[in-house]
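Taking it in order: structure first as structure tokens, then the write-up.
The values are calculated or read from the model by the stated rules, or taken from the named source; none is laboratory data. Quantities reported herein were computed from a predicted structural model and do not represent experimental measurements. We place every Cβ from the backbone using ideal geometry, glycine too, and count neighbours over all the protein chains shown.
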Amino acid sequence: MYTRQQIIKLFIMAAGLLVYPFGLNSSLVRSFCGDSDIYYAGECQIGWGYMLAIVGVMLTVFLPFFAKYAPKEQLSPTPLPTLL
């Protein structure tokens, strides 16, 4: 159940990240950024939030595979040395 929800959320987030640059072609953005076009920001810069969202989508895709194939052995914690 939760796996399906996570996959749906992943596709929605990835679709939003792919569609966002299409707004750079609008007249409002061109008035601020100069000669901007789809996937070309002109004089503006893409912020860190957009870049971190891309990293978040990539981590959402790859980390479940790392967790599935990680070693499963349980290591017992080492006791802490006593000071007194």
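Summed over segment 42-71, residues that are in contact with a helix residue (DSSP H, G or I) (Cβ under 6 Å, 6 or more places away or on another chain) and in a loop (DSSP other than H, G, I, E, B) total 3. Only one entry in Gln74, Gln5 is exposed (fewer than 10 other Cβ atoms within 10 Å of the Cβ), modelled with pLDDT of 85 or more and either assigned to a helix (DSSP H, G or I) or out of contact with any Asp or Glu (no Cβ under 8 Å at 6 or more places or on another chain) (or both), namely Gln5.
Here Ser36 fulfils each of the conditions (1) at negative phi; (2) hydroxyl-bearing (Ser, Thr, Tyr); (3) within 23 Å of the chain's Cα centre (by Cα) apart from (3).
Just one of the numbered conditions (1) of a type outside the set (Ser, Thr, Tyr); (2) under 30 Å from Phe65 (Cα atoms); (3) not in a helix (DSSP H, G or I) is not true of Asp35: (2).
Residues in segment 21-33 that are surrounded by 13 or more Cβ atoms within 10 Å (Cβ to Cβ) and either in contact (Cβ under 8 Å) with a residue 24 or more places away in the chain or under 19 Å from the mean Cα position of the chain (by Cα) (or both): Pro21 alone.
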